[in-house]
Amino acid sequence: MMRAEFSEFQYAYGCTRELEDGTSFINPLGIPFFPTQVEEATRGYDVLFRGAVAPVFIQYKLAEYISNRRGKEWPYFRRPYFRFGIYPNSRSGQHNLLVDLSAEEPFVFYCAPTFIYRYSYLRAYIDRKITLKSVFVPCKGLPYINDTERHYIVYSLNSTKGYWCSEPQIINLIHGWENLAALYHKNENTFDKISRVILRLEQFFKINPEKDISIHKANENNAIILRIKYIAAFSFVRYSLVLGLLVKR
């Protein structure tokens with residue numbers, strides 16, 4: 001078993017930079033929002049991109065690389081594979097928070113690399129291909145943890161299927177952000193239309209409600225309400241416009 005030669009923080013930074021700014025093969029997602037340590041304990045994700053289609057929530061993980069037949073999960077692939085751990089709920093409620101969040105939001109993922117060497121990270125960083133060489137694991141459909149065991153997600157290079165262990169369960173994988181982006185934009189007219197409208201209004205009026213400290217500290221649902229109020233107040237004071245919003249439930 002071999003561990004990554006770079007830190008999780010390095011990996012997370014490289015991925016976030018590409019998703020924020022975009023690359024030659026992906027469009028930018030815009031400003032990333034990072035929860036505080038206290039907030040992360042109650043929300044589960046490392047970073048949130050509001051996006052123009054729907055919010056994207058990501059929890060970064062570093063994987064171990066198992067290259068010999070003695071690996072416990074070797075029979076699933078019969079070739080070298082990667083594995084990252086999921087803490088039991090008694091140690092961290094992070095996983096269950098992500099599963100709960102994925103029941104409400106369409107784009108909630110674990111994100112992990114398909115490389116472990118430092119030079120591979122540096123090359124991918126320079127070429128802006130870290131997300132291209134990463135795997136995104138949808139949290140929707142993953143088992144809820146109710147025991148004290150440590151579980152694992154295992155995957156191999158270029159495989160579209162992975163496994164949830166210890167009790168094996170096949171899970172779907174998405175290799176590279178460009179494949180995920182195709183799904184993301186395919187559902188552009190399906191998910192989270194209200195946040196898209198809010199974002200376009202903010203861009204139209206050239207305002208940034210995130211400067212308001214109360215919005216910055218609010219949870220996702222309250223932040224949406226506060227952003228709507230901010231837009232309505234701005235448009236009325238500046239242009240004497242009264243905005244109305246109809247929401248279909």
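Tabulated values for the structure
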read-out	value
Among (1) farther than 22 Å from residue 180 by Cβ; (2) free of Cβ contacts under 8 Å to residues at least 24 places away in the same chain; (3) not aliphatic (A, V, I, L, M), the one test that residue 85 misses	(2)
Condition broken by residue 44, with the remaining ones in (1) open to solvent by 20 Å² or more (accessible area, probe 1.4 Å); (2) among the small types (Gly, Ala, Ser); (3) touching a Leu at 6+ places or on another chain (Cβ under 9 Å) satisfied	(1)
Verdict on residue 117 being open to solvent by 40 Å² or more (accessible area, probe 1.4 Å), closer than 18 Å to residue 4 by Cα and touching a residue at least 12 places away in the same chain (Cβ under 8 Å)	yes
One residue from 60, 76 being in contact (Cβ under 8 Å) with a residue 24 or more places away in the chain, in contact with a helix residue (DSSP H, G or I) (Cβ under 7 Å, 6 or more places away or on another chain) and crowded, with 18+ Cβ neighbours inside 10 Å	60
Tally of residues being at pLDDT below 75 and either polar (S, T, N, Q) or open to solvent by less than 80 Å² (accessible area, probe 1.4 Å) (or both) across region 208-240	14
Given (1) over 17 Å from residue 111 (Cα atoms); (2) in a loop (DSSP other than H, G, I, E, B); (3) open to solvent by 10 Å² or more (accessible area, probe 1.4 Å); (4) not charged (D, E, K, R), number of the condition residue 29 does not satisfy	(1)
Pair list, Cβ under 8 Å, 6 or more apart: region 143-171 residue open to solvent by 90 Å² or more (accessible area, probe 1.4 Å), other residue assigned to a strand (DSSP E or B) and among the charged types (D, E, K, R)	170/161
Residue within region 183-192 that is surrounded by 15 or more Cβ atoms within 10 Å (Cβ to Cβ), at pLDDT below 65, in a helix (DSSP H, G or I) and touching a Leu at 6+ places or on another chain (Cβ under 8 Å) present	no
Conditions (1) acidic (Asp, Glu); (2) open to solvent by less than 10 Å² (accessible area, probe 1.4 Å); (3) out of contact with any helix residue (DSSP H, G or I) (no Cβ under 9 Å at 6 or more places or on another chain); (4) under 24 Å from residue 107 (Cβ atoms); number of the one not met by residue 21	(2)
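The values are calculated or read from the model by the stated rules, or taken from the named source; none is laboratory data. Bear in mind that the values here come from a model prediction, so they are computed numbers and not experimental data. Note that each Cβ is placed from the backbone with ideal geometry, even for glycine, and that neighbours are counted across all protein chains shown. What goes into the accessible areas is simple: the full protein's heavy atoms, side chains included, and nothing from ligands, DNA or RNA. Shrake-Rupley method; radii C 1.70, N 1.55, O 1.52, S 1.80 Å.
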